[in-house]
Amino acid sequence: MANVKSNAFGRAIAKNDIDIVTIKAMFMKTTHVPNGDTHVFVSDVVADRATGTTDLTLSGLTINIDNTDNRTEFVFTNLVTGTITATTDKVWFYISTGFDSTSELLTCNELLASGVPTVFTVVGGVLTAQVNVSGVFSI
């Protein structure tokens, strides 16, 4: 699975002040298939949330301008779960309004180990997802 942006990504960014919204990460079941056309709100995908996980609020937002690759990169601090029991291989990032029906999805990213898409099974442990230096997503 390649990383997938919701087709509503641009609209969500354009209508919100990215510096003041709450962006969260939701770990997904391995059977979840992201769809940029039909997955617009958390309510469209919440049934596929990985069992044993809770959504994480992202912190440490840095917005970098990459003139070499002609894009804007959104970088956050690493994602660190509390103690979880889950099997997951991807994470949706979304702008949280507090309601699944209005929280807009941004992008669904694969979890990688040494650059390779990987399924993680965590049993009573902590999962740390290191954020790439190029950011979680870009426009």
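The values are calculated or read from the model by the stated rules, or taken from the named source; none is laboratory data. Here the structure is a predicted model, which means the values were calculated and not measured. No Cβ is skipped: glycine too gets one built from the backbone with ideal geometry, and neighbour counts run over all protein chains shown.
Okay, here's what the table says:
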item	result
Among residues of segment 88-128, those that are over 16 Å from the mean Cα position of the chain (by Cα) and of a type in the set (Val, Ile, Thr), counted	6
Single unsatisfied condition, residue 103 versus (1) exposed (fewer than 15 other Cβ atoms within 10 Å of the Cβ); (2) under 17 Å from residue 21 (Cα atoms); (3) in contact (Cβ under 8 Å) with a residue 24 or more places away in the chain; (4) among the small types (Gly, Ala, Ser)	(1)
Leading residue by the ranking (farthest from residue 25 (Cα to Cα)) among those in segment 48-81 that are of a type in the set (Ser, Thr, Tyr) and in contact with a Gly (Cβ under 9 Å, 6 or more places away or on another chain)	72
Members of segment 75-97 found to be at pLDDT 80 or above, assigned to a loop (DSSP other than H, G, I, E, B) and surrounded by fewer than 18 Cβ atoms within 10 Å (Cβ to Cβ), listed by number	77, 82, 83, 97
Test: residue in segment 123-130 that is at pLDDT 85 or above and part of a strand (DSSP E or B)	no
Segment 98-122 - residue that is of a type in the set (S, T, N, Q), modelled with pLDDT under 85 and part of a loop (DSSP other than H, G, I, E, B) and, of those, farthest from residue 26 (Cα to Cα)	114
